[in-house]
Amino acid sequence: MLLLSLPARLFSGLAALVIVFSGVQLYGLIGISRTAEEFQLLKSFHLNFIFQLQSLETSQSSLLLLLKSLTDSQGKSSRRTDLLKKWIRLTRDKREVAFRRVNRLVKARIQNATGDELSYLNSSIVTVINGIKKDIEDLKTRFIELYSSENEIPQSRVKYLSRREHVIMSKIKKLVTVSRSRIMAVASMLEKSEQSTIDSQVILLIFSLVLSIFVLFTTTTPMRYLKYVTQGAAKLGKGEYNAHIDVKTNDEIGALAEEFNKMGKALQERENRLIQTERLAAAGKLASQIAHEIRNPLASVSFQVEILADMLSDSALTGAEKKDAQDSLVALSKEVDRLSGITDGYLEFARMPKPVFRKVNLIEYLTEVLDFVEGDLALNKITFDNEFGSTEIYVDADEDLLKQVFLNLFRNSADAMPEGGKITIGIHKEENLAVIRISDSGEGVPEKNLSRIFDAFYTTKKHGTGLGLSLCKQIIEDHGGEILVESTSEVGTTFYIKLPERANQS
């Protein structure tokens, strides 16, 4: 079963690489975009905010110095006092401008801020700015009185203003401290984000490299097996049909190697069958010639034996001499008959007819064959046990030729059980085949002889021709089937005949 075809594997590998590399680039762009947004925020707000706070802090410091100078100048030159008042007004106006800039900057940022940034602004910035704004508004009337007063300003009023401005100064410094801390936090976050992006990029690149190596390995490994397939095909072309391509992969290369192996096996079987057919044809031609050469002399000898027997019956020989002569003639006649049987077998082998097929119900047919031979074999103490698993199994066959096969197998089984025994016949279906099993409880066939049991003229019997099983094999193969044998010495022999099942069983 193919898991993934080679083109699908190549496409999947390429798609995986494209997806991973696209993911790497996308993640990098997202990280860069996020860093750019944070940097833009740092540049547009935080740095500008700290700059405006420093300007506000400078104006506030100048205002505090002027208030201190005003305190020190009390009771001295009135001109100096008036001059300080003007400077205080100018510095305070400058402080008002700087504060408004800070306040506008914060309000603008609040409109676009979300999440942690909005929480930070509301809790750490807006609260302090509102406090500064309230303090400035509270002191506004007192500073107007300070500007408009032509008399000497009480020391206590100036000190009060100075204390309140110191409070405002502490709040401004708090804003500066908070803003610097925020800038450091944002800078640290940008650094971590940048490092995280770099680390992620490195990890994704390593993963991409590993994936590339894996894809390269999984797509090029099958290609290496093509060499073995090519070598196997070359051997097959040279006639080395037993060459085996040892490639066991779940892809097209493995399937191709498996088909090559099947083709080689089929070609080897076909070549063996062709060689066997050529041998049988040559042997059959030779046997036919020998049979013709022997048959006529045997007929003449048989005729002469009969004449001698008639003459002997009319002779004047004594009883004992006459009986010995008659026994010799009987023995000679039996040998002539045996030789005639052998020549008939050779001629039958040489003149094997082509099968004439017709629809045959194997169950009924085998039942008839068993009824035909059961009586003769019973005389040799041989019984039959049929195991027919079905009532109807149809094949296309030549009944006369099949009968010759079964009779031959039953005769062989009987010869293997001289003291009697049992022959078991079974029939079952196996895919599109009808399988006939014939087992005996005889002496079995030695393992070393099994490979030659179907060879023509090969026999282990004293008076056998070696043609019986060879004829059986030829007949079964002419029916498009095969015959197999299993045997164990002293246990018995089993023949399996597999015939193509008829397509239309009705």
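The values are calculated or read from the model by the stated rules, or taken from the named source; none is laboratory data. Everything numeric in this text was worked out from a predicted model, so none of it was measured. Methodologically, a virtual Cβ is constructed for each residue, glycine included, from the backbone with ideal geometry; neighbour enumeration extends over all protein chains shown.
Test of understanding: among Ser179, Ser188, which residue is in a helix (DSSP H, G or I), assigned by TED's automatic domain parsing to the domain that holds Thr35 and free of Cβ contacts under 8 Å to residues at least 12 places away in the same chain? Step through it out loud before you land on a result.
Numbers: Ser179 fails: free of Cβ contacts under 8 Å to residues at least 12 places away in the same chain.
Answer to the selection: Ser188.
Inspect all residues belonging to region 194-205 and state whether any of them is within 29 Å of Ile132 (Cβ to Cβ) and part of a helix (DSSP H, G or I). Don't jump to the end; show me each part of the working.
Of the residues in region 194-205, the ones within 29 Å of Ile132 (Cβ to Cβ) are none.
Within region 194-205, not a single residue is within 29 Å of Ile132 (Cβ to Cβ) and part of a helix (DSSP H, G or I).
Among what's in region 468-506 and is of a type in the set (Gly, Ala, Ser) and out of contact with any strand residue (DSSP E or B) (no Cβ under 6 Å at 6 or more places or on another chain), pick the residue that is modelled with the lowest pLDDT.
As a first pass, look at region 468-506 and keep what is of a type in the set (Gly, Ala, Ser): 468, 470, 480-481, 487, 489, 492, 503, 506.
The next check asks that each one be out of contact with any strand residue (DSSP E or B) (no Cβ under 6 Å at 6 or more places or on another chain); those that pass are 468, 470, 489, 503, 506.
Values: Gly468: 74, Ser470: 79, Ser489: 73, Ala503: 72, Ser506: 61.
Here the residue is Ser506.
If you go through region 399-455, how many residues are of a type in the set (Phe, Trp, Tyr) and either outside any loop (DSSP other than H, G, I, E, B) or modelled with pLDDT of 85 or more (or both)? Please lay out each step first, then the result.
The initial filter retains those residues of region 399-455 that are of a type in the set (Phe, Trp, Tyr), namely 406, 410, 454.
Imposing the further condition that a residue be either outside any loop (DSSP other than H, G, I, E, B) or modelled with pLDDT of 85 or more (or both) reduces the set to 406, 410.
Looking only at that region, the number is 2.
Looking at region 371-386, which of the residues that are under 18 Å from Ala416 (Cα atoms) and in contact (Cβ under 8 Å) with a residue 24 or more places away in the chain is surrounded by the fewest Cβ atoms within 10 Å (Cβ to Cβ)?
Only one residue fits best here, namely Asp385.
Could you give me the residue pairs with C-beta distances under 9 Å whose first residue belongs to region 444-455 and is closer than 17 Å to Leu409 by Cα, whose second residue is part of a helix (DSSP H, G or I) and among the small types (Gly, Ala, Ser) wherever it lies, and which are 6+ apart or on separate chains?
Within 9 Å, the pairs are Phe454/Ser470; Asp455/Ser470.
With respect to Glu368, determine if the residue is closer than 21 Å to Arg502 by Cβ, free of Cβ contacts under 8 Å to residues at least 24 places away in the same chain and either not in a loop (DSSP other than H, G, I, E, B) or not assigned by TED's automatic domain parsing to the domain that holds Glu490 (or both). Don't jump to the end; show me each part of the working.
Working: closer than 21 Å to Arg502 by Cβ: yes; free of Cβ contacts under 8 Å to residues at least 24 places away in the same chain: yes; either not in a loop (DSSP other than H, G, I, E, B) or not assigned by TED's automatic domain parsing to the domain that holds Glu490 (or both): yes.
Yes, satisfied.
Residue by residue through region 165-187, note down the ones that are charged (D, E, K, R) and modelled with pLDDT under 90. Spell out the reasoning first.
Start the filter on region 165-187 by keeping residues that are charged (D, E, K, R), which leaves 165, 171, 173-174, 180, 182.
Glu165, Arg180, Arg182 - these are the residues of region 165-187 that are charged (D, E, K, R) and modelled with pLDDT under 90.
Given the options Lys85, Lys134, name the one that is in the same structural domain as Arg182 (by TED's automatic domain parsing) and over 24 Å from Asn48 (Cα atoms).
One residue alone meets the criteria, Lys85.
Mind checking whether some residue in region 73-83 is at pLDDT 85 or above, within 13 Å of Leu146 (Cβ to Cβ), touching a Ser or Thr at 6+ places or on another chain (Cβ under 9 Å) and part of a helix (DSSP H, G or I)?
So far as region 73-83 goes, no, none of its residues is at pLDDT 85 or above, within 13 Å of Leu146 (Cβ to Cβ), touching a Ser or Thr at 6+ places or on another chain (Cβ under 9 Å) and part of a helix (DSSP H, G or I).
State all residues of region 112-140 that are of a type in the set (Asp, Glu), farther than 20 Å from Lys94 by Cα and exposed (fewer than 11 other Cβ atoms within 10 Å of the Cβ); if no residue qualifies, say none. Working first, answer last.
Going through region 112-140, the residues of a type in the set (Asp, Glu) turn out to be 116-117, 135, 137-138.
Those still in the list that are farther than 20 Å from Lys94 by Cα too: 116-117.
The one that is of a type in the set (Asp, Glu), farther than 20 Å from Lys94 by Cα and exposed (fewer than 11 other Cβ atoms within 10 Å of the Cβ): Asp116.
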